[in-house]
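Only one structure is covered here, and it is reproduced in the block below.
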Amino acid sequence: MFTVIIATCNRPDRLVLALESTASAIAASGELHHIIVADNGSDRLAKNVVAQFAGCTSSPVKYVRSAPLSKAAALNAGIDAAETDWVAFTDDDCTPTDGWLKEADRYAASGGVRLFSGRLQAGPVAFALPPWLPNGSSEQLPWSPAFVDYAPRDADGVLGAQERVPFGANIFVQKSVFDDFGGYDEKLWDACGSAALGSEDAEFAIRVRARGLSIGYCHDALVVHPVYPERATLSYYLKHIYNFGVREPFFADADETAPYGYLFKCGLRTLLKGATARLRGDRVGAMRALMNATRDWGEIVGWRRHARQRNAA
């Protein structure tokens, strides 16, 4: 039995879809799994959604609140409120498939691990893509926030040391793991602010794997990550990639010297390459260069924040 934890922040319409698809997965599993919605939104918009949903399902549903605008705090609040041995996580903008929990239950019983992930698949594209994002393929451009996929292998198994750590939109953890290794790092949010969004899951998985915990993978436990129009925009891409750079130094060795000069030179050189590509009519190449340079700038800012906090400590 799982407790499905959904952290949510000011997205009530999408939360409705996540809850409906989660309830459908619970019904298809034949088990009475639980649901916890952990609200870290500033306006607490999820409370009414959960109250209405609870009246339409036989699954136990609980609403908890956490510090606003910290997903790590919301996840930890959900974990604290869970009463089952296993917890499952998905996001408020995702839609688990009907077989999600049934397949996860099978793998939890036979996989021999205390933490495992499922597969993420980007949803269909129902709108016109910008010309610099050909075919909507995440392989065309780096760090694609619009198209979220996670399928490190073609079948169930235990991830190797070099394989990507799981995404938090589809992960299952035995609750005792948090007792042994700690929960999601709220200090990362204190350090990076909104730039930490999406890194709390990676930090946790990297931390526990470094300390010897094996991470499994259940290929048929599938969650769909819809493709939203506002995420396939230049402003969203640049913000996402800038934030990626800002938080990167907080994963580095504490004694590592900040590579300001290297990053500045890389960013400048990349912008020049991008300008050349644009003059040649290579719009995709120009966008790739702009994104790489934006990441470099974000990392410079991140190193400055990291240095200030290290000195303050």
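Within region 127-138, if we keep just the residues that are of a type in the set (S, T, N, Q) and within 20 Å of the chain's Cα centre (by Cα), the residue that is surrounded by the most Cβ atoms within 10 Å (Cβ to Cβ) turns out to be 138.
Listed by position, the helices (runs of 4 or more DSSP H) enclosed by region 1-110 that each have at least 3 residues that are touching a residue at least 24 places away in the same chain (Cβ under 8 Å) and within 20 Å of residue 176 (Cα to Cα) are 71-81, 100-110. The residues in region 111-126 that are buried (at least 16 other Cβ atoms within 10 Å of the Cβ), among the small types (Gly, Ala, Ser) and assigned to a loop (DSSP other than H, G, I, E, B) can be counted, and the count is 1. Here the condition is being among the charged types (D, E, K, R), in contact with a strand residue (DSSP E or B) (Cβ under 8 Å, 6 or more places away or on another chain) and within 24 Å of residue 4 (Cβ to Cβ); of 185, 179, 201, it holds for 201 alone.
Looking only at region 149-164, decide whether some residue is assigned by TED's automatic domain parsing to the domain that holds residue 128 and in a helix (DSSP H, G or I). No: region 149-164 contains no residue that is assigned by TED's automatic domain parsing to the domain that holds residue 128 and in a helix (DSSP H, G or I).
The single residue among 252, 258 that is within 16 Å of residue 196 (Cβ to Cβ) and either modelled with pLDDT under 85 or β-branched (Val, Ile, Thr) (or both) turns out to be 252. May I ask you to verify whether residue 57 is among the hydroxyl-bearing types (Ser, Thr, Tyr) and buried (at least 19 other Cβ atoms within 10 Å of the Cβ)? No; evaluated as a whole, the condition is false for this residue. Give the residue that is surrounded by the fewest Cβ atoms within 10 Å (Cβ to Cβ), with candidates limited to residues of region 253-307 that are among the hydrophobic types (A, V, I, L, M, F, W, C) and outside any helix (DSSP H, G or I). Looking at the filtered set, the residue picked out is 254. Going residue by residue through region 269-289, is there one that turns out to be out of contact with any Leu (no Cβ under 6 Å at 6 or more places or on another chain), of a type in the set (S, T, N, Q) and not assigned by TED's automatic domain parsing to the domain that holds residue 166? Yes, because at least one residue in region 269-289 is out of contact with any Leu (no Cβ under 6 Å at 6 or more places or on another chain), of a type in the set (S, T, N, Q) and not assigned by TED's automatic domain parsing to the domain that holds residue 166. Residues in region 87-105 include none that are modelled with pLDDT under 95, crowded, with 21+ Cβ neighbours inside 10 Å, hydrophobic (A, V, I, L, M, F, W, C) and closer than 28 Å to residue 213 by Cα. If you filter region 258-305 down to residues that are within 29 Å of the chain's Cα centre (by Cα) and among the basic types (Lys, Arg), you find that the one that is nearest to residue 245 (Cα to Cα) is 295.
Residues checked against (1) at pLDDT below 90; (2) under 16 Å from the mean Cα position of the chain (by Cα); (3) not charged (D, E, K, R):
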{"site": "159", "(1), (2), (3)": "no, no, yes"}
{"site": "171", "(1), (2), (3)": "no, yes, yes"}
{"site": "175", "(1), (2), (3)": "no, no, no"}
{"site": "178", "(1), (2), (3)": "no, no, yes"}
{"site": "211", "(1), (2), (3)": "no, no, no"}
{"site": "214", "(1), (2), (3)": "no, no, yes"}
{"site": "226", "(1), (2), (3)": "no, yes, yes"}
{"site": "238", "(1), (2), (3)": "no, no, yes"}
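The values are calculated or read from the model by the stated rules, or taken from the named source; none is laboratory data. It should be emphasised that the depicted structure is a prediction, and the values quoted were computed from it without experimental measurement. Note that each Cβ is placed from the backbone with ideal geometry, even for glycine, and that neighbours are counted across all protein chains shown.
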